Amino acid sequence: MKNTAFTKIHEEMGAKMVPFAGYNMPVQFKGINVEHETVRKGVGVFDVSHMGEFWVKGPNAFEFVQRVSTNDVSKLTDGKVQYTCFPNGKGGIVDDFLVYRINEETYLLVVNAANIEKDWAWCTEQNTNGAVLYNASDEIAQLAVQGPLALKAMQKLTDANVVDMEYYTFQKCNFAGVEDVIFSTTGYTGSGGCEIYMANEDAEKVYRAVLEAGEEFGIEAIGLAARDTLRLESGFCLYGNDIDDTTSPIEAGLGWITKFVDGNDFIDRDYMAKLKEEGIQRKLTAFKMVDKGIPRQHYEICDAEGNQIGEVTSGTMSPMLKIGIGMGYIQKGMNKIDTEVYIKIRNKMMKAQVVRLPFYKG
């Protein structure tokens, strides 16, 4: 198991540590529900240093990123971020990731922790035009400071204007006395905030400064368990649950990051266009429980007669709504809003209702 640059501080705080994606990571500090609510109402800080970072540089960088991702990278300008995914050449998804445009010949790709080796192998295999690729995953530490008070708290640590930054933008700035920190208004909670990238050697200094600056706003360290409940309440996909090598972005409701525009000849474009034109047989669908019960991954989704029409990919008890919520692939015709479906929980058919995402707005 690898440690992150923050592991020592987590242990000092008494975090419950678990192995995750090859790293020792804090799963919780004070409890999932209290940590979840802290982010929704105030500010919390997550260690997300296990995420992967790939640099793509040189005169062929744009062409490479445009070809391996479904979104339209030509829409990016310096200081903008884009959510996208790697199509796998077989109609599925290698991974979902973020693209940062530093300049016209420099891009930063931020990939999921569990997929770093797989994604790196995919990128190097697809690099047929001579882009310069560099895997910096082991050199970069990352904090996600999330919640409605996050930017106000972090403004104390920099002279750069961060409270007025637009969603999905970034800037390099002096932050907590450290030069060239990447400060990005992105996140995986749906409650606003930022993600902060720094060199490992600066990590402890920055983390302690973040905790001190956030103290007056009630900042708390947050674990992976609350990260999962927060992202699900907000309707964000988790790779390995809701999307994988067998799911297309069209089926996953990610048509908005799949751009069929002139000049965007991404891998699997023709297949994706055919799916969009001819229609799909199943779609990732959100539901909330009507009966009391908590849906879990792999539970069957059924119709009123007990016929299986899908499978739960993610499910939990919503800490804010106090009801069971979930997502799963449901066959065509049964996934319209307000449709009544049933989740098979311990051999009992529990009523649920198809709903729009996000589950929680706030």
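Quick rundown of the values:
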{"item": "Members of region 114-136 that are of a type in the set (Gly, Ala, Ser), surrounded by fewer than 19 Cβ atoms within 10 Å (Cβ to Cβ) and in a loop (DSSP other than H, G, I, E, B)", "result": "GLY130, ALA136"}
{"item": "Tally, over region 211-261, of residues that are part of a helix (DSSP H, G or I) and either at pLDDT below 95 or in contact with a Ser or Thr (Cβ under 6 Å, 6 or more places away or on another chain) (or both)", "result": "5"}
{"item": "Criterion violated by GLY218 - all others in (1) touching a residue at least 40 places away in the same chain (Cβ under 8 Å); (2) surrounded by fewer than 20 Cβ atoms within 10 Å (Cβ to Cβ); (3) closer than 30 Å to VAL312 by Cβ satisfied", "result": "(3)"}
{"item": "Residue list for region 270-295, filter: among the basic types (Lys, Arg), touching a residue at least 24 places away in the same chain (Cβ under 8 Å) and not in a strand (DSSP E or B)", "result": "LYS276, LYS292"}
{"item": "Pairs with Cβ under 9 Å, 6+ apart, first in region 346-362 and over 15 Å from LEU284 (Cα atoms) and not assigned by TED's automatic domain parsing to the domain that holds GLY190, second modelled with pLDDT of 95 or more and of a type in the set (S, T, N, Q)", "result": "TYR360/SER234; TYR360/SER318; LYS361/SER234; GLY362/SER191"}
{"item": "Scope region 139-154; condition in contact with a Gly (Cβ under 9 Å, 6 or more places away or on another chain) and either buried (at least 23 other Cβ atoms within 10 Å of the Cβ) or assigned to a loop (DSSP other than H, G, I, E, B) (or both); matching residues", "result": "ALA144, VAL145, GLN146, GLY147, PRO148, LEU149, ALA150, ALA153, MET154"}
{"item": "Residue, farthest from VAL206 (Cα to Cα), within region 3-26, restricted to residues that are free of Cβ contacts under 8 Å to residues at least 40 places away in the same chain and loosely packed, with under 14 Cβ neighbours inside 10 Å", "result": "PRO19"}
{"item": "Filter result for the condition that a residue is under 23 Å from the mean Cα position of the chain (by Cα) and surrounded by 18 or more Cβ atoms within 10 Å (Cβ to Cβ), over LEU157, LEU108", "result": "LEU108"}
{"item": "Filter result for the condition that a residue is more than 28 Å from the chain's Cα centre (by Cα), of a type in the set (A, V, I, L, M, F, W, C) and at pLDDT 95 or above, over ALA304, ALA352", "result": "ALA304"}
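Quick grid of which residues meet (1) closer than 21 Å to ASP96 by Cα; (2) polar (S, T, N, Q):
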position	(1), (2)
VAL34	no, no
LYS41	no, no
VAL45	no, no
VAL48	yes, no
PHE54	yes, no
GLY58	no, no
GLU63	yes, no
SER69	yes, yes
ASP72	yes, no
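The values are calculated or read from the model by the stated rules, or taken from the named source; none is laboratory data. Because the structure is predicted, anything quoted here is derived from the model rather than measured. Cβ atoms come from the backbone with ideal geometry, glycine included; neighbour counts cover every protein chain shown.
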